[in-house]
Amino acid sequence: MEKYKNLTITETNGLDCLIVNTRRFGDARGFFESVTKAEQKHLGFKEFHQFSDSMSGKGILRGLHYQEDPYCQAKMVRCVRGKVVDIVRDVRKDSPTFGETVAVELTPENGTFLYVPRGYAHAYLALEDDSLFEYFVDNEYNTRKEGGISYKDPEMVVNLYTRKNDEEEYTSEKLSIYDLLEKYGIDKPLISPKDEERKPLSETEVNFARTPRKYLVTGVKGQLGYDIVKELRARGETDILALDRDEMDITDKDQVMSIVEAYKPDVIFHCAAWTSVDKAEEEKEACENVNVTGTRNIVDASIKVGAKIVYMSTDYVFDGKKEGYYTEDDKANPQSVYGETKYAGEEEVRRNPNHFITRISWVFGINGNNFVKTMIKLSQKYKELSVVNDQIGSPTYTVDLSKLLVEMAHTDKYGTYNATNTGYCTWAEFAERIFEKYGVEVKVNHVSTDEYYKDKPHATRPENSKFTWTKLEENGFALMPEWDDALGRYIEEFNESTEGKLLALKRGNNE
C-alpha cells in the first residue's frame, strides 16, 4: 500500500491496476474529497478527456469492454449510489499479469476508486437497483473501436478485493465468475445481446501492449508532421521523436541509419518532402534527392529496425485526364517532376512490406503556408482575385488526415489508400468558400490554368483529382469529413492562432 498526498493506493494482482481511496475531510455537515490532475498522472492517467455515468438495476452486468488503439482508455471509476462490483481483466499481451482479473466492491460509503489502466477489459455488476456508476476517462470514445471479451470465459479467475470495515486494508479471495455471482445472490446477470456473443480471451484478437510504442516523425515543422505529433499526444502517446531537416537530413544515409537504429521506432511517419511543385521543374536533381533518395534512406532504416512506415504521396502521381474518379488501382502517370519523384518514393516504400501509402491532395494545416492562408492574406489587400477553375479535387485538412494516419498505424491493413477529405470542388470554388467562412467580400474570377499562368513556366497539374475512398471503407476506416466542414474548423483554428489574431487586428484597423 502506498500513500500519495491525499490518496491511499493499494496494488492488486493485475499489474498497474490500483485501488484508490481518497482522504475525506469531514465534520457534522458531511465531507470533502478531491483527486488532483497530478495525482491522476501519478497513477498512469494521461489527460482528462471525458466524464460519464451509468445507471443500472440489480443484476445488470456491463462488459467486459475495451476500445482498440489508438482510442484505448484508462479509467478512474467509482459508485456514487447503490453498490457495484467492478471487474477488470489485463489483456496486454506483454504484461506479466496477462489474463489476470481484478474485482473490487465500490460503494458511496467506502469511497473507493478503481484505476483501470489502458489495455484492460472493463465491466461492472450492479448489486442494487438504481446503482449510479461514474467514469473518468483519458481518451475519446470511438464506437468503431469497441471490443470486448466474454464474462463467461472458463479460464477467468476473479480476484475479489473487499475493504475491511473502515480500515484501509483489503482482503482478497479467488472465485470463478459463477461463484462471484452466487456470492452476491445473482442467478444470471442481465447483459446486452452484443455482450452475450462475446468470445473468451483465448479466441479474441487483442493487440494491447504495456510497453509504449515509439514513433518517429520526419518533417515535423511542416503542416502534416506538426498535426501528427499533436494527434499522437492527444491519444496519450509520449515516446515520439519528431525531427526536421536541422535534426536529421534524410538525404544523408549514414545519419538516417544512425538515428533510426539508435531510437528503434515501431512506426515511422515520413512527412518530409520536397513540395515546391513549380520549383521542382527547375531543380529536378534536388527534388529527386529529397523525394526519392531521402525516402529510400528512410525505408532502408525502417526495414533494418522492423518499423512500419506511413508515407504521404499525392494526386500528382496521376495525369488527371481520366473521366470519373481515380481508384488506388488506377495506373500512375505523373506529368511533373514533383509527381514523378513522389511516385518513385511510393515504389521505394513498397520494399517495406509493412507500409501505408496515402495519396493526399490540396493539403491545409495550421503550421505552415497553404492555399487557405494565402487567400486570407490576399483578402486583406484585394477585393477581386482570379483563381483557377479547371482543376477539381478534395481539399484536405491535416487535423483530419492525422487522425486517420495514426489509426492506420495501429493496424496491419497495409497498402495504398486514397486519403482526403470527402467532396470535391475547384480551386475557385474553394476560394469562394474561404472568403465566405472568413467573413470577407472578395470577388473570385474563374479562370483556366492557361489563363492564370499565361507565359509563366509552371509544372503540369492534374485537372481531375477526384478520388474514390472505397478501400478505406473496405478496411474499416471511417471516411474523413466533408472538405467544407473541415474548412470551417480550420478557419476557427486559424482565428485562434497568434497569426490569425494579428491578422484580425490589422484587418480591424484597416476597416
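Brief remarks on what is shown
- Residue selected from the stretch 5-43 under the condition in a strand (DSSP E or B), in contact with an Asp or Glu (Cβ under 7 Å, 6 or more places away or on another chain) and not hydrophobic (A, V, I, L, M, F, W, C), by the criterion nearest to MET156 (Cα to Cα): ASN21
- Verdict on LYS437 being surrounded by 13 or more Cβ atoms within 10 Å (Cβ to Cβ), charged (D, E, K, R) and touching a Leu at 6+ places or on another chain (Cβ under 7 Å): yes
- Positions within the stretch 469-503 being acidic (Asp, Glu), assigned to a helix (DSSP H, G or I) and within 16 Å of SER361 (Cα to Cα), in sequence order: ASP484
- Qualifying residue in the stretch 165-177 (condition: in the same structural domain as TYR311 (by TED's automatic domain parsing), free of Cβ contacts under 8 Å to residues at least 12 places away in the same chain and not small (Gly, Ala, Ser)): no
- Out of LYS342, LYS381, LYS413, LYS377, one residue alone is buried (at least 23 other Cβ atoms within 10 Å of the Cβ) and in the same structural domain as LEU232 (by TED's automatic domain parsing). It is LYS342.
- For the stretch 428-451, residues that are acidic (Asp, Glu) and closer than 23 Å to ARG489 by Cα total 4.
- Scanning the stretch 53-96 for residues that are assigned to a loop (DSSP other than H, G, I, E, B), polar (S, T, N, Q) and surrounded by fewer than 21 Cβ atoms within 10 Å (Cβ to Cβ) yields a single hit, SER95.
- Complete set of residues in the stretch 303-337 that are surrounded by fewer than 17 Cβ atoms within 10 Å (Cβ to Cβ) and in a helix (DSSP H, G or I): ILE303, LYS304
- Condition check for TYR438: under 28 Å from TYR343 (Cα atoms) and aromatic (Phe, Trp, Tyr): no
- Highlighted here are the helices (runs of 4 or more DSSP H) found entirely within the stretch 151-243 that include at least 1 residues which are over 34 Å from the mean Cα position of the chain (by Cα) and of a type outside the set (A, V, I, L, M): 177-183.
- Any hit, the stretch 151-169, residues being over 22 Å from THR101 (Cβ atoms) and among the polar types (S, T, N, Q): yes
- Checking each residue of the stretch 77-97 against the condition of being without any contact (Cβ under 8 Å) to a residue 40 or more places away in the chain and more than 31 Å from the chain's Cα centre (by Cα) gives no match.
- First in the stretch 39-62 and over 20 Å from LEU106 (Cα atoms), second anywhere and modelled with pLDDT of 90 or more and β-branched (Val, Ile, Thr), Cβ under 6 Å, 6 or more apart: HIS49/VAL137; GLN50/VAL137
- Flag if GLU436 is more than 30 Å from GLU474 (Cβ to Cβ), part of a helix (DSSP H, G or I) and either assigned by TED's automatic domain parsing to the domain that holds PHE269 or at pLDDT 95 or above (or both): yes
The values are calculated or read from the model by the stated rules, or taken from the named source; none is laboratory data. Remember, it's a predicted structure, so these values are computed and weren't measured experimentally. Don't worry about glycine lacking a Cβ; one is built from the backbone with ideal geometry, like all the others, and counts go over all protein chains shown.
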